[in-house]
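One structure is given here, and the rest of the page talks about it.
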Amino acid sequence: MSAEGYTTADGRKIGGVLMEMKNITLRFGGVKAITDISFDIREGEIRAIIGPNGAGKSSMLNVISGFYVPQEGEVWFRGQKRAPMRPYEVARQGIARTFQNIALFEGMTVLDNIMTGRLTLMESGLAAQSLWWGKAQREEVAHREKVEKIIDFLEIQPIRKTPVGRLPYGLKKRVELARALAAEPKLLLLDEPMAGMNVEEKEDMCRFILDVNDEFGTTIALIEHDMGVVMDLSDRVVVMDYGKKIGDGPPDEVRSNPDVIRAYLGVEHA
Amino acid sequence: MAATDELTSIPALLARNARLYAGRPAWREKEFGIWQSWTWDEGAAEIRGIALGFLALGLNPGDHVAIIGRNRPALYWSMIAAQMCGAVPVPLYQDAVAEEMAYVLENCGARFVICGDQEQVDKVIEVQDRLHLVEQIVYVDKRGMRKYDHSRMNALADVEAEGKAGHFRFEAELEARIAALTYDSTCVMLYTSGTTGKPKGVVLSNRNIIETARNTSGFDKLRPGDDVLAYLPMAWVGDFIFSVGQAMWTGFCVNCPESAATMMTDLREVGPTYFFAPPRVFEGQLTQVMIRMEDAGRLKKAMFDRCMKIARRVGPAILDGKPVGLGDRLAYWIGDKLVYGPLKNTLGFSRIRVGYTAGEAIGPEIFDFYRSLGINLKQLYGQTEATVFITQQPDGEVRSDTVGVPSPGVEVRIAENGEVFYRSPGTFVEYYKNPESTASTKDAEGWVATGDAGFFEEKSGHLRIIDRAKDVGKMADGRLFAPKYVENKLKFFPNILEAVVFGNGRDRCTAFINIDLTAVGNWAERNNIAYSSYQELAGHPRVYETIARHVAEVNASVAEDAVLSGCQIHRFCILHKELDADDGEMTRTRKVRRNVIETKYADLIAGLYDGAASVATETEVTYEDGRKGAIRANVRMMDAATVTPNRTPDRRAAA
């Protein structure tokens, strides 16, 4: 694997480093959630972070998204060291995410929810938007067009005007993905995108994740419990256990790593 | 008419429309949440571009071009473009599994296949390895197609761009091909759904399509400002005649929904003036309305009930232009402002001038409901081989139990055994590569057997259809057995989705019932009945009770008809799964395949006749992706109340 990237098994070209985590350590009081972890995420890649319960996966995702600031270590994004910043600044940098427990506006329609994903891209001010006149109007039309393309892409046209609160779980997940996509992210973070889904919903979600990566060239980092899904979907996998990195590499390599097998299946005590 | 003489092909009609109606909308499609529209001018330019592109790809005269996908302007354009090149469009059912598609593609020998999206392309590729006939795949939607081997595959937009770029090279050839089209060249080939055996390719000429379109457009006074919603399968002859034949002849606008799932919303937005739907769509809408009224507040419900009572009494008469008292007219007018108008608007029927239903019998209550609202819903009777129209109901002479008078230009006669025959300008040319079937269906004088049994009512001159001629049989004691007659009565209950009646050659009749999950599920919800699956709900004792009541009611109504009183249902069971086209139990147009069901569920039928209380069974099912699985169930058999008719034995001989 060179600095310029590599080619995946199915022939996709993966680019250079988009984000790099250098010796990250995160503590909550005396508890070490993450201990000295380093890895990188490359342009165009689907990167998974896996591990048993309490391994520190979600904490890691929160470090990537800038929500947590690690006590030690550095986060480099697009060639720059990242200073602590507010969530909206992270969003402006081109990072969008979905949540493990869906975080949508339940009373708003699907369309409006997805429109909120474009907030950071809107330029007209509050006053202009409330009058909905001139530039603000033109701008909203342009944003709506982008949102409609995403609605078409994720095949949620039938529920466009449905309030999110009335939707089943699987569709809410898809709406959340749509909102994240609406921000046109460089890096998309998915926190357990398949949790609680049935087989069919999982298959759909897998297809959408692959399509997003393929059509928009979005780099994706995801946390997932379902090993089968992770192994099929991702190009490279980081395995965590008790806040430490115990494996890193392509799915096949990780699967045969003895430490990983031990963490997942346990070992016989002598 | 000199002008008519030249209009002997769809491309010729297109040229005329582009000249006459240049700036009027011809096609609309909802995409990205907005109705996009193309005028006749713009559409004609697109079609020409696609035709040139087809020439560039090497489409030959006489080739068959398969078209697979949901209703979209691009696919309609492809059909007309293929005709311009002298090729024959063959639309296929988009929900057909690869296996069914393989048969049709092989039978017609399609060199070109136009697919709506990736899903259809995948199916074609799956069969391509076996067939080796398909040379070019063209797809409309580019999504997900980037990684495919494009050596013999193109996006329709690219084909069109290439055609336009190379127009100097192909223009002359295209003109020559269009000029070579005559009234007798093939316009389209449509595969019949095949209630029995393999599908057959019905060849329809320009004469068939254009004459039928002209006659029937005149019959219903269709005009250029009309709007239709194109949502029924493109492979079905009806869609071709409405969305291509009549649209081209009259010059009205064809509207394509965003997706199958948004059809109801799109219907409301478009508000078509001319609308066709099979009875199940109207039934579904009525069920929805009723369910929502159950949940409505007291005041609204009272208002609805009261107004509907007035509408039922005087609505149809007002629609038919019959004399109605002033007081009733006033009450109806108020009702229209308060209930009918808003309701029609919600259903998408505010602007309807002409609505048709066909394909199956429609329940009288359902039919009257729509007519009482002032929606001019009528019935027609037809088939693919007749280019749809055999009989239809004229305005003002509409009833739920007849199918109307012969369409203009159509002759109808009833054979000795009751079978209906017709002869018309729309009568098909032949079954493709199947002279035996052609000969056995169409005689030397051009009369075609419909396979349906029926009779003309003496008073009104309207045709009434009882059943499929071959399904009409005799029971063991010689009484008449007409299963569909009884099934239709059963299906008029909202709780019953499908019914299959057995009894040919036996001493009494029995039935399989499929419950309607929407209606029964809603009932279960309101009555706090928990269920986790279709199967569990279907087997619920209280569902059985309800269905038994429905069956008893049907028996009482069947008993009134002396000739058919033998068809009362003595025992029935509720099937543990829905009958499905993917399992071969129904055709793609949702007609039951009796022989398949009889073999597949032989154990259940045996149980219905040997008096068993329940039968344990295992049924193979096919999932949408083609995988197979099995459902196990213990199906309960139930006796039904029957009525002893007043006068029986002496009538048997007559029947």
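The values are calculated or read from the model by the stated rules, or taken from the named source; none is laboratory data. Keep in mind the model is a prediction, meaning the values are calculated, not measured. Heads up, the Cβs are rebuilt from the backbone with ideal geometry, glycines too, and the neighbour counts pull from every protein chain shown. Each accessible area value is taken on the protein alone, full model and side chains, heavy atoms only, with ligands, DNA and RNA left out. Shrake-Rupley method; radii C 1.70, N 1.55, O 1.52, S 1.80 Å.
Scanning the stretch B:469-510 for residues that are of a type in the set (A, V, I, L, M), open to solvent by less than 40 Å² (accessible area, probe 1.4 Å) and part of a strand (DSSP E or B) yields a total of 5.
Consider the stretch B:182-211. How many of its residues are assigned to a helix (DSSP H, G or I), open to solvent by less than 10 Å² (accessible area, probe 1.4 Å) and either in contact with a Phe, Trp or Tyr (Cβ under 7 Å, 6 or more places away or on another chain) or within 18 Å of B:Gly109 (Cβ to Cβ) (or both)?
Taking the stretch B:182-211 and keeping what is assigned to a helix (DSSP H, G or I), we get B:206-211.
From what's left, open to solvent by less than 10 Å² (accessible area, probe 1.4 Å): B:206, B:208-210.
If we keep only those that are either in contact with a Phe, Trp or Tyr (Cβ under 7 Å, 6 or more places away or on another chain) or within 18 Å of B:Gly109 (Cβ to Cβ) (or both) too, we end up with B:206, B:208, B:210.
Going through the stretch B:182-211 one residue at a time, the tally reaches 3.
Within the stretch B:292-318, being open to solvent by less than 100 Å² (accessible area, probe 1.4 Å) and not aliphatic (A, V, I, L, M) holds for B:Glu294, B:Gly297, B:Lys301, B:Phe304, B:Asp305, B:Cys307, B:Gly315, B:Pro316. Does at least one position in the stretch B:238-252 carry a residue that is surrounded by 24 or more Cβ atoms within 10 Å (Cβ to Cβ) and either more than 18 Å from B:Thr387 (Cα to Cα) or not assigned by TED's automatic domain parsing to the domain that holds B:Trp77 (or both)? Yes - at least one qualifying residue is present in the stretch B:238-252.
What about A:Glu148, is it at positive phi and within 14 Å of another protein chain (Cβ to nearest Cβ)? No; evaluated as a whole, the condition is false for this residue. Among all residues of the stretch A:33-40, there is none that is surrounded by 14 or more Cβ atoms within 10 Å (Cβ to Cβ) and within 14 Å of chain B (Cβ to nearest Cβ). Does the stretch B:229-240 contain any residue that is at pLDDT below 95 and over 18 Å from the mean Cα position of the chain (by Cα)? No, every residue in the stretch B:229-240 fails to be at pLDDT below 95 and over 18 Å from the mean Cα position of the chain (by Cα). Exactly one residue among B:Leu575, B:Leu517, B:Leu497 is touching an Asp or Glu at 6+ places or on another chain (Cβ under 6 Å), assigned by TED's automatic domain parsing to the domain that holds B:Arg632, farther than 18 Å from B:Thr642 by Cα and in contact (Cβ under 8 Å) with a residue 24 or more places away in the chain, and that residue is B:Leu497. Among the residues of the stretch B:385-397, those identified as at negative phi, in contact with a helix residue (DSSP H, G or I) (Cβ under 9 Å, 6 or more places away or on another chain) and surrounded by 20 or more Cβ atoms within 10 Å (Cβ to Cβ) are B:Glu385, B:Ala386, B:Phe389, B:Gln392.
Confirm whether B:Trp35 is touching a residue at least 24 places away in the same chain (Cβ under 8 Å), among the hydrophobic types (A, V, I, L, M, F, W, C), under 22 Å from B:Met234 (Cα atoms) and within 14 Å of chain A (Cβ to nearest Cβ).
Details: touching a residue at least 24 places away in the same chain (Cβ under 8 Å): yes; among the hydrophobic types (A, V, I, L, M, F, W, C): yes; under 22 Å from B:Met234 (Cα atoms): yes; within 14 Å of chain A (Cβ to nearest Cβ): yes.
Yes.
Residues that are part of a helix (DSSP H, G or I) and within 13 Å of chain B (Cβ to nearest Cβ): does the stretch A:117-124 have at least one?
Within the stretch A:117-124, the subset part of a helix (DSSP H, G or I) is A:119-121.
Of the ones still in play, those that are also within 13 Å of chain B (Cβ to nearest Cβ) are none.
No.
Scan the strands (runs of 3 or more DSSP E) fully inside the stretch B:1-79 and keep the ones with 3 or more residues being open to solvent by less than 30 Å² (accessible area, probe 1.4 Å).
B:25-31, B:64-68
Would you confirm whether or not the stretch B:261-274 contains a residue that is part of a strand (DSSP E or B), away from chain A (no Cβ under 14 Å) and either under 24 Å from B:Phe367 (Cβ atoms) or open to solvent by 70 Å² or more (accessible area, probe 1.4 Å) (or both)? So far as the stretch B:261-274 goes, yes, one or more of its residues are part of a strand (DSSP E or B), away from chain A (no Cβ under 14 Å) and either under 24 Å from B:Phe367 (Cβ atoms) or open to solvent by 70 Å² or more (accessible area, probe 1.4 Å) (or both). Might you let me know whether the stretch A:61-68 holds any residue that is more than 19 Å from A:Glu184 (Cα to Cα), of a type in the set (Val, Ile, Thr) and assigned to a strand (DSSP E or B)? No. Tell me which residues, restricted to the stretch A:76-94, are open to solvent by less than 40 Å² (accessible area, probe 1.4 Å) and in contact with a Leu (Cβ under 8 Å, 6 or more places away or on another chain). Across the stretch A:76-94, the qualifying residues are A:Phe77, A:Gly94.
Conditions tested, residue by residue: (1) in contact (Cβ under 8 Å) with a residue 24 or more places away in the chain; (2) of a type outside the set (D, E, K, R); (3) at positive phi.
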position: A:Thr7; (1), (2), (3): no, yes, no
position: A:Ile14; (1), (2), (3): yes, yes, no
position: A:Val17; (1), (2), (3): yes, yes, no
position: A:Glu20; (1), (2), (3): yes, no, no
position: A:Asn23; (1), (2), (3): yes, yes, yes
position: A:Asp36; (1), (2), (3): yes, no, yes
position: A:Asp40; (1), (2), (3): no, no, no
position: A:Ile49; (1), (2), (3): yes, yes, no
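For the stretch A:108-142, the set of residues classified as touching a residue at least 40 places away in the same chain (Cβ under 8 Å) and open to solvent by less than 20 Å² (accessible area, probe 1.4 Å) consists of A:Val110, A:Leu111, A:Asn113, A:Ile114, A:Gly117, A:Arg118, listed by residue number.
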